[in-house]
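Asks: Mind having a look at this structure? Questions to follow.
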Amino acid sequence: MAQQKVISRKVVGSAHPVARKFRDIKNAFAGVGCGFGALIIGFILIVTSVTSVKEYSKIVAGLPLQSPEEAQDGIVKIQGQPTINEPVSTTYQLCKVQDCGAPGESRTTTPSLYEVLTWERYEIVEETSTETRTVIENGQEVQETVETIEYNERWIEKDRSANWADFQIGTITVLPEGAKTVLETSSTEVPDVHIPNAGIVENFGQQVSDQVGATRLKIEYIPESTDQLIVVGELTNGTIADGETLIVSNLSNDELVTKLENQEATARLAMRFFAWLLLTIGFGAILAPILEFVELIPVAGKVAKVAAFFISAVFSAFLVLTGVLLLKFWYIFAALGVVLFIGSIILITKHVQSKS
């Protein structure tokens with residue numbers, strides 16, 4: 001289900017090969033500024049990947065695992081069975097009629113320590129994209145902007161909420177709202193639920209399947225009978241609450257550290273990949289004017305473009321790797337620099353003395 005239409009047309013000039021080549025060269029020079037912008041963002045991402053990914057795994061691994069009775073004020077890592085003051089549960093309504101326009105029977109979620117509720121409706125979605133293409137008409141090069149509208153059916157999130165019950169581990173009260181969660185949850189799904197304020201189902205004049213308009217409630221939860229929790233946070237006067245570091249997990253200590261390490265490694269890898277991509281694009285844009293001139297030479301132009309891309313990609317990878325090493329081990333490079341500087345001074349001094 002896709003529709004296409006031309007939303008704008010512009011004559012850019014003669015379709016003669018010489019005229020087209022001059023336009024390509026002009027556009028290549030215009031893109032140099034964007035190339036430098038991509039380089040700057042790429043270098044920022046390299047720095048961010050080293051300095052801005054908080055290493056929760058090292059914090060957790062560096063703390064001793066304590067019982068509530070052993071913990072003292074300060075940053076702590078405690079483990080124990082939670083005692084829930086009042087479990088969380090949410091009341092929802094099933095559909096009264098087939099189109100779910102009105103609420104029917106009320107139900108309540110299972111009382112839990114923690115729950116995440118996601119209300120979804122199956123809808124047809126209008127997705128618009130644009131692309132620019134070039135056509136030749138009457139010896140002129142015409143640039144068209146084409147809009148493509150596609151209609152796809154899928155589940156759409158209409159509402160979402162996460163709720164914690166306040167609980168205690170031994171004598172320590174834990175207020176977990178806002179905590180970083182590393183959890184293994186149970187899950188269930190309830191079909192045909194009423195979603196308040198969901199609005200009408202739009203079909204955009206398309207033929208849709210019978211499933212369009214269906215609703216469901218997805219529930220992820222931790223039962224109130226949970227055996228063990230690990231809580232990492234700032235303990236003050238018998239309470240751990242929202243702070244710079246607050247982690248709640250029902251994994252074992254080793255599993256928690258490993259999971260955090262994997263999350264942090266993934267975040268760093270993603271930043272470095274995008275840094276490499278931006279650097280490669282940036283160098284390509286900067287070299288583009290030269291490559292456009294080289295392309296005037298038969299065969300050599302295409303070979304030069306392939307070689308330039310390969311060199312840009314390899315050099316960008318080298319810069320990412322070097323940047324990461326410099327930022328992580330700057331003190332080693334600084335020490336080497338000092339040693340080399342002092343060594344150079346000594347050698348120069350000896351050389352001067354030997355001449356005199």
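Asks: For VAL190, are the conditions met, namely being surrounded by fewer than 19 Cβ atoms within 10 Å (Cβ to Cβ), more than 24 Å from the chain's Cα centre (by Cα) and farther than 30 Å from ASN85 by Cα?
Replies: Numbers: surrounded by fewer than 19 Cβ atoms within 10 Å (Cβ to Cβ): yes; more than 24 Å from the chain's Cα centre (by Cα): yes; farther than 30 Å from ASN85 by Cα: no.
Against the criterion (surrounded by fewer than 19 Cβ atoms within 10 Å (Cβ to Cβ), more than 24 Å from the chain's Cα centre (by Cα) and farther than 30 Å from ASN85 by Cα), VAL190 does not qualify.
Asks: Another question, then. Among the residues of segment 229-246, is there at least one that is under 22 Å from the mean Cα position of the chain (by Cα), on the phi < 0 side of the Ramachandran plot and of a type outside the set (D, E, K, R)?
Replies: Our first condition is that a residue be under 22 Å from the mean Cα position of the chain (by Cα); within segment 229-246, this holds for 244-246.
Next, only the ones that are on the phi < 0 side of the Ramachandran plot stay: 244-246.
Right, trim to of a type outside the set (D, E, K, R) and you get 245-246.
For segment 229-246, residues under 22 Å from the mean Cα position of the chain (by Cα), on the phi < 0 side of the Ramachandran plot and of a type outside the set (D, E, K, R): present.
Asks: Next question. Would you mind finding the one in ILE240, ILE286, ILE311, ILE230 that is among the β-branched types (Val, Ile, Thr) and surrounded by fewer than 19 Cβ atoms within 10 Å (Cβ to Cβ)?
Replies: Values: ILE240 fails: surrounded by fewer than 19 Cβ atoms within 10 Å (Cβ to Cβ); ILE286 fails: surrounded by fewer than 19 Cβ atoms within 10 Å (Cβ to Cβ); ILE230 fails: surrounded by fewer than 19 Cβ atoms within 10 Å (Cβ to Cβ).
When all the criteria are applied, what remains is ILE311.
Asks: Of the numbered conditions (1) touching a His at 6+ places or on another chain (Cβ under 9 Å); (2) free of Cβ contacts under 8 Å to residues at least 24 places away in the same chain, PRO103 satisfies every one except a single condition; which is it?
Replies: Here PRO103 meets the rest and fails (2).
Asks: Counting only residues that are in a strand (DSSP E or B), of a type outside the set (Phe, Trp, Tyr) and closer than 30 Å to GLY238 by Cα, how many does segment 147-170 have? Full working, then the answer.
Replies: Within segment 147-170, the first condition is being in a strand (DSSP E or B), and the residues that meet it are 147-164, 167-169.
This time we only want the ones that are of a type outside the set (Phe, Trp, Tyr), so: 147-150, 152-154, 156-163, 168-169.
Pick out the ones that are also closer than 30 Å to GLY238 by Cα and you get 161-163, 168-169.
Summing the residues that are in a strand (DSSP E or B), of a type outside the set (Phe, Trp, Tyr) and closer than 30 Å to GLY238 by Cα in segment 147-170 gives 5.
Asks: Now for a different question. Please report, ordered by residue number, the helices (runs of 4 or more DSSP H) entirely within segment 1-73 with at least 1 residues that are touching a strand residue (DSSP E or B) at 6+ places or on another chain (Cβ under 8 Å) and surrounded by 12 or more Cβ atoms within 10 Å (Cβ to Cβ). So that I can check it myself, show each step before the final result.
Replies: Values: elements: 17-30, 32-51, 56-62.
Of the helices (runs of 4 or more DSSP H) lying wholly inside segment 1-73, those with at least 1 residues that are touching a strand residue (DSSP E or B) at 6+ places or on another chain (Cβ under 8 Å) and surrounded by 12 or more Cβ atoms within 10 Å (Cβ to Cβ) span 17-30, 56-62.
Asks: Of the residues in segment 242-259, how many are assigned to a helix (DSSP H, G or I) and either among the hydrophobic types (A, V, I, L, M, F, W, C) or in contact with a Leu (Cβ under 6 Å, 6 or more places away or on another chain) (or both)? Let's see the steps before the verdict.
Replies: Going residue by residue through segment 242-259, those that are assigned to a helix (DSSP H, G or I) are 253-259.
Adding the requirement that they be either among the hydrophobic types (A, V, I, L, M, F, W, C) or in contact with a Leu (Cβ under 6 Å, 6 or more places away or on another chain) (or both) leaves 253, 256-257.
Matching residues across segment 242-259 total 3.
Asks: Among (1) touching a Phe, Trp or Tyr at 6+ places or on another chain (Cβ under 7 Å); (2) farther than 28 Å from THR83 by Cα; (3) among the hydrophobic types (A, V, I, L, M, F, W, C); (4) modelled with pLDDT of 90 or more, where does LEU217 come up short?
Replies: Checking LEU217 against (1) touching a Phe, Trp or Tyr at 6+ places or on another chain (Cβ under 7 Å); (2) farther than 28 Å from THR83 by Cα; (3) among the hydrophobic types (A, V, I, L, M, F, W, C); (4) modelled with pLDDT of 90 or more, the one that fails is (2).
Asks: Within the set of pairs 6 or more residues apart or between chains, which connect a residue that is touching a residue at least 40 places away in the same chain (Cβ under 8 Å) and under 30 Å from ILE44 (Cβ atoms) inside segment 282-310 to a residue that is of a type in the set (Asp, Glu) and outside any loop (DSSP other than H, G, I, E, B) with Cβ atoms less than 6 Å apart?
Replies: Pairs that qualify, where the first residue is touching a residue at least 40 places away in the same chain (Cβ under 8 Å) and under 30 Å from ILE44 (Cβ atoms) and the partner is of a type in the set (Asp, Glu) and outside any loop (DSSP other than H, G, I, E, B), are GLU292/ASP24.
The values are calculated or read from the model by the stated rules, or taken from the named source; none is laboratory data. Predicted model, so just to flag it, every value in this text is computed and none were measured. Glycine gets a Cβ as well: all are built from the backbone with ideal geometry, and neighbour counts include every protein chain shown.
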